[in-house]
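Worksheet: the structure to be examined is printed underneath.
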Amino acid sequence: MQAAVSSGLEGILGDCGGACQCATCHIYIDQSWLDQLPEMDGMEDDMLEGTAAPRLAQSRLGCCVILEAVHEGMVVTLPPTQI
Ligand code: FES
């Protein structure tokens with residue numbers, strides 16, 4: 001989320017600043033990358049129940065995905081809406 005907002009990427013709002021309270025950083029991670037990410041915690045799981053766009057199996061909150069070097073090349077798709 002922070003990388004997207006800092007880069008001015010449209011489609012990621014990050015209204016709560018990364019506090020896992022708004023779900024406006026909803027993203028879809030390419031299926032092949034899901035195993036490269038830490039499992040989501042209960043708070044993220046709960047927030048994903050309130051996203052504007054449908055929650056899919058590959059849904060995550062961008063603010064809960066901490067990028068590391070191993071994620072270079074990860075494919076992320078944005079939902080059609082965040083609000
Ligand atoms: S920025 Fe608000 S939940 Fe991710």
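The values are calculated or read from the model by the stated rules, or taken from the named source; none is laboratory data. Owing to the predicted nature of the structure, the values given are computational and were not obtained by experimental measurement. Because the Cβ atoms are built from the backbone with ideal geometry, glycine has one as well, and the counts that use them run over all protein chains shown.
Some values worked out for this structure:
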{"quantity": "Test for M47: is it within 12 Å of the ligand (Cβ to nearest atom), aliphatic (A, V, I, L, M) and loosely packed, with under 14 Cβ neighbours inside 10 Å", "calculated": "no"}
{"quantity": "Selection within segment 50-66 - touching a helix residue (DSSP H, G or I) at 6+ places or on another chain (Cβ under 9 Å) and either loosely packed, with under 13 Cβ neighbours inside 10 Å or at positive phi (or both)", "calculated": "A57"}
{"quantity": "Residue match in segment 18-33 (condition: acidic (D, E) and either in contact (Cβ under 8 Å) with a residue 12 or more places away in the chain or within 12 Å of the ligand (Cβ to nearest atom) (or both))", "calculated": "yes"}
{"quantity": "Residue count, segment 66-83 (criterion: of a type in the set (A, V, I, L, M, F, W, C), within 16 Å of the ligand (Cβ to nearest atom) and at pLDDT 95 or above)", "calculated": "2"}
{"quantity": "Search result, residues across segment 49-78 that are in contact (Cβ under 8 Å) with a residue 40 or more places away in the chain, closer than 15 Å to Q31 by Cα and part of a loop (DSSP other than H, G, I, E, B)", "calculated": "V65, M74, V75, L78"}
